[in-house]
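One structure coming up, written as structure tokens, with questions to follow.
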Amino acid sequence: MSDLEQKTSKKETLPKKIFNIFIFGFPIVFGIFWIMGVPLQFGLAILSGNYLAFLIAFALIASFIYWPYGKTAKIPDYILAIIAAGVWLLCAYNYEEWLLNQHERTFFKISMSMLAIGFLTEGVRKTAGNGMAVVIIASLLYGVFGHNAPGIFEGAQNNYDALFMYLYVDSSAVLGFIIMVAGTLILGFLVMGQVMQASGATRFFSDIAMASIGHRRGGPAKVSVVGSSLMGMVSGATVANIMSTGIVSIPLMKRNGFKGSMAAGIEAVASNGSQLAPPVMGATAFIIAEFLELPYANIIMAAIIPAIIYYLFLFCQIDFYARDKGLEGLKKSELPNIIKVLKSGWFFILPLMVLIFFLFIMSYNPAKSALYSTLSLLVLAGLKFKKIPSMDTIYRFIVQLGKPFALLVMICGGAGIIIGVINMSGLGFSLALALSDVGAVYGLFVMLILTAVIAIILGMGMPTSAVYIVVAMLLAPSIADMGVPLIAAHFFVFYFGLASFLTPPVAIASYAAASLAKADLKETSIAGLKLGLSTFIIPFYFIYNPEILLIGEWKEIFIAGTILAIAGVLLARSITSYSSDKINSNLQGTTDLLVSVFIGTSTIFFSKEGLIIYFVMIIGIGVVLYGNQIQKKLSKLHFSNR
């Protein structure tokens with residue numbers, strides 16, 4: 001349970017509840033109305049800038065009051081919240097006039113713009129952490145003084161007043177497409193996810209997983225992966241998901257015999273991967289769609305095969321670990337009956353069909369599709385349960401939905417500052433030219449390594465969506481200029497933004513899970529790194545084999561996907577060696593690793609049109625199915641001849 005949920009679960013006064021509903025509920029309801037076009041039905045033309053500045057104002061109130069300087073909000077917190085909201089509500093009220101007359105920079109406008117950007121930066125620091133705030137402050141300093149920087153880092157000369165007014169009101173800065181994604185697409189899916197959780201839909205799908213695979217080898221861990229992935233789609237935040245689902249999943253795995261560090265690593269990797277899994281891939285996927293100007297449905301489709309391989313790699317490691325440790329699944333008497341589960345909750349499947357219908361068949365806006373799906377879920381749940389939610393339930397729903405939404409608005413607003421500075425300074429263009437030269441001299445692979453390292457380092461102090469925005473703006477175009485499909489370049493950045501959560505020394509996902517498992521931090525981070533190794537490998541694979549992003553002919557897609565799956569299974573087996581027979585285990589691990597590397601890189605050396613690639617696939621399948629038995633026989637033969 002989060003801090004906010006603990007606070008709201010205590011007895012609160014009626015005025016406090018009304019205040020919470022106003023701060024969290026009003027912007028959400030207004031946002032839903034804006035997405036559905038309700039104001040236009042009444043002849044009210046509300047511009048996107050009006051709406052987005054309004055959202056920032058309410059998110060800032062939440063950031064100062066629910067992330068206070070002390071343990072609880074005091075009078076200074078409320079005063080700062082009112083001032084912070086005021087400068088952004090002023091922008092919302094005067095948006096059109098100030099946007100069209102940016103060149104008229106009066107003392108009042110400049111003062112308001114500097115206050116607005118300052119409060120927004122502080123709001124980001126309070127909600128998203130110091131790392132992102134430091135990057136924002138550095139970008140602001142660069143925006144003003146960047147013309148003094150050496151070499152390729154020399155930026156355009158900007159007056160501070162012009163810069164801050166641009167950041168404050170221009171649609172290419174804070175009030176641009178990034179925060180628009182938060183106020184439309186992300187809001188729609190957040191509402192859908194919270195309703196699924198509140199209605200029992202996520203529990204229904206978890207019960208199906210429990211009934212289906214809970215009795216199998218390593219069943220509790222496999223069920224935990226499914227459950228954490230489902231919940232992660234709702235929360236969209238790795239650490240928050242670990243803290244909410246790990247309370248249940250980690251003790252369950254430990255009771256089944258999993259070592260604490262292993263259980264924590266599984267939870268960390270499963271929660272982190274939830275942002276890669278369609279149909280709801282967290283906030284960053286919506287931003288990718290806007291960056292590439294592609295329908296969200298295209299992003300979902302492109303993510304399918306990499307997500308399958310990611311979870312296949314994780315499931316295989318769990319299975320091999322459970323096999324070597326002799327860990328059986330749960331008893332059938334401890335599991336839910338799948339027939340009863342389906343009979344009691346079959347209607348939860350229908351809203352997903354509604355989502356698919358509006359998203360893929362009707363080609364509706366994703367936010368509207370999610371809201372229509374939510375409406376169908378509410379109607380079906382109402383008919384099934386025949387009761388109206390209590391006021392307390394509605395109140396908790398609003399507060400639990402409002403906090404992550406306010407956080408995302410802050411993150412996207414902060415990212416807008418960075419984007420605005422990049423646009424004003426010309427830094428993106430300068431770096432793109434420099435990196436193109438790097439690629440021309442040292443090749444694509446070196447450029448990819450450089451991009452991966454930058455994304456991982458930034459990700460150690462920033463949320464995934466913010467890392468993606470910064471690196472995609474600066475580096476993705478240069479990768480695409482090397483002949484890589486643009487969607488592959490952006491997915492590469494996306495994956496390595498997530499990889500930072502598993503990368504020591506700041507493997508925050510592993511550390512969060514370790515705290516729940518009471519496990520050693522070093523052991524857990526190593527386990528998380530091994531279990532999540534596919535996060536680092538898959539991006540390189542789809543750069544050289546974009547077919548797994550569903551680019552190209554179906555035959556090539558099948559070959560690339562199959563090759564990656566075979567290589568993934570062998571790699572999982574090679575790094576999951578817990579057998580008591582160390583010599584045989586090491587022999588098999590080395591063999592699997594070598595074959596995995598050979599098969600995984602075969603598409604670079606052999607054409608997907610020739611017969612050789614099919615022989616490679618057959619060899620790989622043979623090693624997967626019979627490699628263990630062959631290795632044992634060779635080992636016995638070796639020792640019998642000594």
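The values are calculated or read from the model by the stated rules, or taken from the named source; none is laboratory data. Note that the coordinates shown come from a computational prediction; the quantities given were computed from them, not determined experimentally. Glycine also receives a Cβ, built like all others from the backbone with ideal geometry; neighbour counts cover every protein chain displayed.
Condition check: over 21 Å from the mean Cα position of the chain (by Cα) and not polar (S, T, N, Q). Does M447 satisfy that?
Numbers: over 21 Å from the mean Cα position of the chain (by Cα): yes; not polar (S, T, N, Q): yes.
It is true that M447 is over 21 Å from the mean Cα position of the chain (by Cα) and not polar (S, T, N, Q).
So if I check each of S229, S212, S199, S206, which one is surrounded by fewer than 22 Cβ atoms within 10 Å (Cβ to Cβ) and among the small types (G, A, S)?
Values: S229 fails: surrounded by fewer than 22 Cβ atoms within 10 Å (Cβ to Cβ); S199 fails: surrounded by fewer than 22 Cβ atoms within 10 Å (Cβ to Cβ); S206 fails: surrounded by fewer than 22 Cβ atoms within 10 Å (Cβ to Cβ).
When all the criteria are applied, what remains is S212.
Test of understanding: among L475, L529, L516, which residue is at pLDDT 85 or above, aliphatic (A, V, I, L, M), within 23 Å of T284 (Cα to Cα) and not assigned by TED's automatic domain parsing to the domain that holds S244? Walk me through how you get there before you give the answer.
Working: L475 fails: at pLDDT 85 or above; L516 fails: within 23 Å of T284 (Cα to Cα).
Answer to the selection: L529.
In addition: With (1) within 24 Å of K403 (Cα to Cα); (2) buried (at least 21 other Cβ atoms within 10 Å of the Cβ); (3) touching a residue at least 40 places away in the same chain (Cβ under 8 Å) as the list, and M165 as the residue in question, which single condition is left unmet?
Unmet for M165, out of (1) within 24 Å of K403 (Cα to Cα); (2) buried (at least 21 other Cβ atoms within 10 Å of the Cβ); (3) touching a residue at least 40 places away in the same chain (Cβ under 8 Å): (1).
Among the residues of the stretch 61-79, is any hydroxyl-bearing (S, T, Y), surrounded by fewer than 21 Cβ atoms within 10 Å (Cβ to Cβ) and under 17 Å from L187 (Cβ atoms)? It would help to see each step written out before you state the result.
Within the stretch 61-79, the subset hydroxyl-bearing (S, T, Y) is 63, 66, 69, 72, 78.
Keeping just the survivors that are surrounded by fewer than 21 Cβ atoms within 10 Å (Cβ to Cβ) gives 69, 72, 78.
Restricting the remaining residues to those that are under 17 Å from L187 (Cβ atoms) gives none.
Looking for residues that are hydroxyl-bearing (S, T, Y), surrounded by fewer than 21 Cβ atoms within 10 Å (Cβ to Cβ) and under 17 Å from L187 (Cβ atoms), one finds none in the stretch 61-79, hence no.
With respect to R125, is the statement that it is in a loop (DSSP other than H, G, I, E, B) and charged (D, E, K, R) true?
Working: in a loop (DSSP other than H, G, I, E, B): no; charged (D, E, K, R): yes.
Considered against the rule, which asks whether it is in a loop (DSSP other than H, G, I, E, B) and charged (D, E, K, R), R125 comes out as no.
Does L185 satisfy the criteria of being surrounded by 15 or more Cβ atoms within 10 Å (Cβ to Cβ), in the same structural domain as A240 (by TED's automatic domain parsing) and either charged (D, E, K, R) or within 23 Å of N50 (Cα to Cα) (or both)? It would help to see each step written out before you state the result.
Values: surrounded by 15 or more Cβ atoms within 10 Å (Cβ to Cβ): yes; in the same structural domain as A240 (by TED's automatic domain parsing): yes; either charged (D, E, K, R) or within 23 Å of N50 (Cα to Cα) (or both): yes.
It is true that L185 is surrounded by 15 or more Cβ atoms within 10 Å (Cβ to Cβ), in the same structural domain as A240 (by TED's automatic domain parsing) and either charged (D, E, K, R) or within 23 Å of N50 (Cα to Cα) (or both).
Please count how many residues of the stretch 495-536 are closer than 25 Å to D481 by Cα and touching a residue at least 60 places away in the same chain (Cβ under 8 Å). Write out each step before concluding.
Our first condition is that a residue be closer than 25 Å to D481 by Cα; within the stretch 495-536, this holds for 495-499, 535-536.
Subsequent filtering for residues that are touching a residue at least 60 places away in the same chain (Cβ under 8 Å) retains 495, 497-498, 535-536.
Total satisfying the criteria: 5.
Can you confirm whether the stretch 242-255 contains a residue that is closer than 30 Å to K387 by Cβ, surrounded by fewer than 24 Cβ atoms within 10 Å (Cβ to Cβ), assigned by TED's automatic domain parsing to the domain that holds M353 and touching a residue at least 40 places away in the same chain (Cβ under 8 Å)?
So far as the stretch 242-255 goes, yes, one or more of its residues are closer than 30 Å to K387 by Cβ, surrounded by fewer than 24 Cβ atoms within 10 Å (Cβ to Cβ), assigned by TED's automatic domain parsing to the domain that holds M353 and touching a residue at least 40 places away in the same chain (Cβ under 8 Å).
Checking the conditions here, which among G43, G70 is more than 22 Å from V399 (Cβ to Cβ), assigned by TED's automatic domain parsing to the domain that holds Y166 and not aliphatic (A, V, I, L, M)? Please lay out each step first, then the result.
Values: G70 fails: more than 22 Å from V399 (Cβ to Cβ).
The unique qualifying residue is G43.
Filter the stretch 465-481 down to the residues that are within 21 Å of the chain's Cα centre (by Cα) and within 16 Å of L427 (Cα to Cα) and list them by number.
Step one: list which residues in the stretch 465-481 are within 21 Å of the chain's Cα centre (by Cα), which gives 465-476.
Selection gives I469, V470, V471, A472, M473, L474, L475, A476.
I would also like to ask the following. I'm told I456 meets every condition in (1) under 26 Å from F58 (Cβ atoms); (2) in contact with a helix residue (DSSP H, G or I) (Cβ under 6 Å, 6 or more places away or on another chain) except one. Can you identify the failing condition by its number?
(1)
Just to be sure before I move on: is S244 within 13 Å of A270 (Cβ to Cβ) and assigned to a helix (DSSP H, G or I) in the structure I sent? Walk me through how you get there before you give the answer.
On the way: within 13 Å of A270 (Cβ to Cβ): yes; assigned to a helix (DSSP H, G or I): yes.
Yes.
Among the residues of the stretch 564-593, write down those that are part of a helix (DSSP H, G or I) and either farther than 17 Å from F313 by Cα or modelled with pLDDT under 80 (or both).
Within the stretch 564-593, the subset part of a helix (DSSP H, G or I) is 564-575, 582-593.
Scanning the stretch 564-593 gives K582, I583, N584, S585, N586, L587, Q588, G589, T590, T591.
Say we look at the stretch 140-157 and pick out the residues that are hydrophobic (A, V, I, L, M, F, W, C) and in a loop (DSSP other than H, G, I, E, B); which of these is nearest to I419 (Cα to Cα)?
Initial filter on the stretch 140-157 (hydrophobic (A, V, I, L, M, F, W, C)): 140-141, 144-145, 149, 152-153, 156.
Going one step further and asking which of them are in a loop (DSSP other than H, G, I, E, B), we end up with 149, 156.
Working: A149: 19, A156: 15 Å.
Applying the filter and picking the extreme gives A156.
Okay, moving on. So in the stretch 271-301, with the set limited to residues that are surrounded by fewer than 24 Cβ atoms within 10 Å (Cβ to Cβ), of a type in the set (G, A, S) and assigned to a helix (DSSP H, G or I), which one is modelled with the highest pLDDT?
Among residues in the stretch 271-301 that are surrounded by fewer than 24 Cβ atoms within 10 Å (Cβ to Cβ), of a type in the set (G, A, S) and assigned to a helix (DSSP H, G or I), the one modelled with the highest pLDDT is A289.
Here is a further query. Is it the case that A268 is assigned to a helix (DSSP H, G or I), surrounded by fewer than 24 Cβ atoms within 10 Å (Cβ to Cβ) and either at pLDDT 85 or above or aromatic (F, W, Y) (or both)?
When the stated conditions are applied, A268 does not pass them.
Let me confirm something: among I418, I338, I318, which residue is under 30 Å from G257 (Cα atoms) and buried (at least 23 other Cβ atoms within 10 Å of the Cβ)? Outline the logic, then answer.
Numbers: I418 fails: under 30 Å from G257 (Cα atoms); I338 fails: buried (at least 23 other Cβ atoms within 10 Å of the Cβ).
From the options I418, I338, I318, the qualifying one is I318.
I've got another one for you. Would the stretch 539-549 turn up any residue that is surrounded by fewer than 17 Cβ atoms within 10 Å (Cβ to Cβ) and among the aliphatic types (A, V, I, L, M)?
no
For A367, are the conditions met, namely being in a helix (DSSP H, G or I) and at pLDDT 90 or above? It would help to see each step written out before you state the result.
Working: in a helix (DSSP H, G or I): yes; at pLDDT 90 or above: no.
Here the answer is no, as A367 does not meet what is asked.
Here is a further query. List, please: which pairs have Cβ atoms under 7 Å, are six or more places apart or on different chains, and start with a residue in the stretch 104-130 that is within 22 Å of Y93 (Cβ to Cβ) and end with one that is among the polar types (S, T, N, Q) and outside any loop (DSSP other than H, G, I, E, B)?
G123/S63
Identify, by number, the condition in (1) at pLDDT below 85; (2) in a helix (DSSP H, G or I); (3) surrounded by 13 or more Cβ atoms within 10 Å (Cβ to Cβ) that E12 doesn't meet.
Here E12 clears every test but (2).
Same structure again: Looking at P485, is it farther than 28 Å from G265 by Cα, surrounded by fewer than 24 Cβ atoms within 10 Å (Cβ to Cβ) and more than 20 Å from the chain's Cα centre (by Cα)?
yes
Here is a follow-up. Considering every residue within the stretch 362-383, establish whether at least one is closer than 30 Å to F22 by Cα and out of contact with any helix residue (DSSP H, G or I) (no Cβ under 9 Å at 6 or more places or on another chain).
Checked the stretch 362-383: at least one residue is closer than 30 Å to F22 by Cα and out of contact with any helix residue (DSSP H, G or I) (no Cβ under 9 Å at 6 or more places or on another chain).
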